[in-house]
Amino acid sequence: MDAARSAPLPLIALVGNPNCGKTALFNILTGSRQKVANYAGVTVERKEGSHLTSSGRRIRVLDLPGAYSLDPLTPDEQITTDVLFGRRAGETAPDFVVCVTDATNLRQNLRLVLSLKRLGLPMVVALNMTDMARRKGIVIDADRLASELGVPVVETVGVKTHGVRELIQVLDVTPMPRRCGTTGSWQPLSAADIELDQSEVRRILGVVGGAGLDGVTFSDRLDALVLHPFLGPAILALILFLVFQAVFAWAQWPMDAIKLGVASFGDWLGAALPQSLLRGLLIDGILAGIGSVLVFLPQIIILFFFILILEDSGYLPRAAFLLDRVMGSVGLSGRAFIPLLSSFACAIPGIMATRTIQNPRDRLATIMIAPLMTCSARLPVYALIIGAFIPRRVVWGGLELQGVVLFALYIAGVAGAMAVAFVLKLTTGKSGGLQALMLELPAYHWPNLRNLGIGLWQRVEIFLSRVATIILALMVILWALSTFPAPPPGATGPAIQYSIAGHLGAWLAVLFKPIGFNWQISIALVPGLAAREVAVGALGTVYALSAGNDVSSALTPLIAQSWSLPTALSLLAWYVFAPQCLSTLATVKRETNSWRYPIIMAAYLFALAYLGSWITFRVATALA
């Protein structure tokens, strides 16, 4: 019995084409019992969880990246095949495979099923999205399909708990002996093999149904508007514009609640602790820094709420199609859209995603402009400055002025990226020919609330983990640098001016004076090199120490009184361009295998940031 308890749990691998509903099934099976990380060495998401069947059997469930075949063309497909063959270091070969197929597009999905069957892996085919197929008039004989394939076939509806009961029953009763070593060998398919697969597929569809219906569907009618050459871009711009409006309009009351909570906790802590270094560390260092960043969590949640909705509804691939021609005009590959889109969350996964671009020149150009996409780490900085200097005013028929400014900052980042790409096109020569952007356009459907909730919670965990690790550590370090050495006897002015950070800020202020930055901003830029949002926490700590009291809940009005409008606009311009993230530069070094390109990237981004801030400061000063 003890040996049975210590035996490894059976590993179930979910495999399927992109957009087949595989991750929805994974969420249903694992619920909260899942962990999300990246595969070692690459920024490809790895999701693993566990499931307890009705009979008390616990199994591990691994959600593999989407793949169209076992002849990998992308890093996602390479990881999937390596895991299936048991040749990826640190990964256990699966004991059982659930091949998830889209019942509305069975013709394409069956090719992967046939490839997996060649491997001899024990598996079951999950015929997913059967509810959507029936609404389209597509009827598939699951029993006949199982007979043709020689493996069990179960119908599932991955967004509903009751839609996976039959699949769970199969997993509950199927023997799963532990596998060891490689699961099999694989040779790339020859032209004859591909033709044979296509002829099988046609025969199976003719027997079981599922070939689909001819005629115009709802998605086709909607695409006539969404993908229209003139209406489509206008609709995309309107959607993005409304998203940024909501970031400010919806986030106000939860932000006020967090401010009040931080202020109340600071007051209680100040009354409970006597004057000491510990009190200064907790209130002026940690609370002032972390509180200044934590207040922007509602805006980040709202932003990702809309991104996840657009992704789950099937709209994002349409956005890629719309922007493909625009990017091609400035010398970017059509395949650059997905990496650049990923960079709006963080430039690091965006840079890693450029591995799907085959032409070296196009890949390098995409890497060099990825940091110009406005990542989520910039949002706290933008929100702080906009909240302090842009009034909450309704303009142009009900639009929030603050949302308009935020939208303009995102557009400025995109415009800057396109301009840099065009310069690269002129200076480095044309790319190796435009590559067609091959995208699967899934049918439109309502986003699943469960998947939306899980996705948002994962983003919250990521944000809070950064607050509890990187930001916390840097705030402690910054407090120490801003506190020691103590001012000499009889000294006047804030004590921070006599500290290490104060001397550093005074030196940097000379460098940044032409663009309107004071010594407090100059100090905050230094820890901001680790992560952009750290600069907000750094400002909270620096102003708390320089003001001599707790300003963890009052940073916005304080900078509104301390900075001029030209200084605020100059700092916004700085953050549109400046890299301010050492992790991004390290990723570029790893992806290009050279220090040359991260050095070039840092140099040109800092140059653009300084030039943009200088122009902004001078023009704003002249107009003011």
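Going by what's in this entry, would residue 434 be described as modelled with pLDDT of 85 or more and either crowded, with 17+ Cβ neighbours inside 10 Å or closer than 20 Å to residue 296 by Cα (or both)?
Working: modelled with pLDDT of 85 or more: no; either crowded, with 17+ Cβ neighbours inside 10 Å or closer than 20 Å to residue 296 by Cα (or both): yes.
In short, no.
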Inset, instruction - Starting from segment 371-383, keep only residues that are over 16 Å from residue 404 (Cβ atoms), then list their pairs with residues that are acidic (Asp, Glu) and modelled with pLDDT under 90 whose Cβ atoms are within a distance under 8 Å, requiring at least 6 positions of separation or different chains. - result: 377/533; 378/533; 380/533; 381/533
Inset, instruction - Can you work out which of the residues in segment 503-513 that are in contact with a helix residue (DSSP H, G or I) (Cβ under 6 Å, 6 or more places away or on another chain) and surrounded by fewer than 24 Cβ atoms within 10 Å (Cβ to Cβ) is nearest to residue 574 (Cα to Cα)? - result: 512
Inset, instruction - May I ask you to verify whether residue 33 is surrounded by fewer than 21 Cβ atoms within 10 Å (Cβ to Cβ), over 23 Å from residue 157 (Cβ atoms), of a type in the set (D, E, K, R) and at pLDDT below 90? - result: no
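How do the helices (runs of 4 or more DSSP H) wholly within segment 228-339 filter down when requiring 2 or more residues that are under 30 Å from residue 355 (Cβ atoms) and touching a helix residue (DSSP H, G or I) at 6+ places or on another chain (Cβ under 6 Å): which remain? Show your work before the answer.
Values: elements: 231-249, 252-272, 277-280, 288-294, 297-313, 316-329.
By residue number, 231-249, 297-313, 316-329.
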Inset, instruction - Report those helices (runs of 4 or more DSSP H) wholly inside segment 487-582 carrying at least 2 residues which are farther than 30 Å from residue 346 by Cβ. - result: 500-512, 534-547, 555-562, 565-577
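For segment 250-277, what are the residues that are among the polar types (S, T, N, Q) and either modelled with pLDDT under 90 or more than 36 Å from the chain's Cα centre (by Cα) (or both)? If you could, list the steps in order and put the result at the bottom.
Residues of segment 250-277 that are among the polar types (S, T, N, Q), as a first pass: 252, 264, 275-276.
Those that are among the polar types (S, T, N, Q) and either modelled with pLDDT under 90 or more than 36 Å from the chain's Cα centre (by Cα) (or both): 252, 275, 276.
From the list 152, 175, pick out the single residue that is assigned by TED's automatic domain parsing to the domain that holds residue 100, at pLDDT 90 or above, within 27 Å of residue 29 (Cα to Cα) and out of contact with any Ser or Thr (no Cβ under 7 Å at 6 or more places or on another chain). Steps first, please.
Working: 175 fails: at pLDDT 90 or above.
After applying the criteria, what remains is 152.
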Inset, instruction - Within segment 206-227, work out how many residues are part of a loop (DSSP other than H, G, I, E, B) and of a type in the set (S, T, N, Q). - result: 1
Inset, instruction - Evaluate segment 326-340: report whether one residue or more is more than 22 Å from residue 579 (Cβ to Cβ) and among the aliphatic types (A, V, I, L, M). - result: yes
Inset, instruction - Within segment 505-536, track down each residue that is modelled with pLDDT of 85 or more and touching a Pro at 6+ places or on another chain (Cβ under 8 Å). - result: 516, 534, 535, 536
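Against the condition assigned by TED's automatic domain parsing to the domain that holds residue 477, at pLDDT below 95 and in contact with a Gly (Cβ under 6 Å, 6 or more places away or on another chain), how does residue 561 come out, does it pass? Working first, answer last.
Numbers: assigned by TED's automatic domain parsing to the domain that holds residue 477: yes; at pLDDT below 95: yes; in contact with a Gly (Cβ under 6 Å, 6 or more places away or on another chain): no.
For residue 561, the condition - assigned by TED's automatic domain parsing to the domain that holds residue 477, at pLDDT below 95 and in contact with a Gly (Cβ under 6 Å, 6 or more places away or on another chain) - is not met.
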Legend entry - Among the candidates 377, 415, residue that is modelled with pLDDT under 90 and assigned to a helix (DSSP H, G or I): 377
Inset, instruction - Inspect segment 319-337 for any residue being of a type in the set (Phe, Trp, Tyr) and either buried (at least 16 other Cβ atoms within 10 Å of the Cβ) or more than 25 Å from residue 537 (Cβ to Cβ) (or both) and give the result as yes or no. - result: yes
Legend entry - Hits in segment 603-615 (condition: touching a helix residue (DSSP H, G or I) at 6+ places or on another chain (Cβ under 7 Å) and either within 22 Å of residue 357 (Cβ to Cβ) or not in a helix (DSSP H, G or I) (or both)): 605
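Here's the yes/no breakdown for (1) farther than 15 Å from residue 382 by Cβ; (2) touching a strand residue (DSSP E or B) at 6+ places or on another chain (Cβ under 6 Å); (3) surrounded by fewer than 23 Cβ atoms within 10 Å (Cβ to Cβ):
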position: 527; (1), (2), (3): yes, no, no
position: 535; (1), (2), (3): no, no, no
position: 556; (1), (2), (3): no, no, yes
position: 571; (1), (2), (3): no, no, no
position: 595; (1), (2), (3): yes, no, yes
position: 613; (1), (2), (3): no, no, no
Inset, instruction - Tally the residues that are under 27 Å from residue 531 (Cα atoms) and in a helix (DSSP H, G or I), restricting the search to segment 340-361. - result: 13
Inset, instruction - Can you give me the number of residues within segment 45-73 that are out of contact with any Pro (no Cβ under 6 Å at 6 or more places or on another chain) and outside any loop (DSSP other than H, G, I, E, B)? - result: 13
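Given the criteria of a type in the set (Lys, Arg) and at pLDDT below 90, does residue 144 qualify?
Working: of a type in the set (Lys, Arg): yes; at pLDDT below 90: no.
The answer is no for residue 144.
The values are calculated or read from the model by the stated rules, or taken from the named source; none is laboratory data. This is a predicted model, so every value here is computed, not measured. Cβ coordinates were reconstructed from backbone atoms using ideal geometry, including for glycine residues, and neighbour counts include every protein chain displayed.
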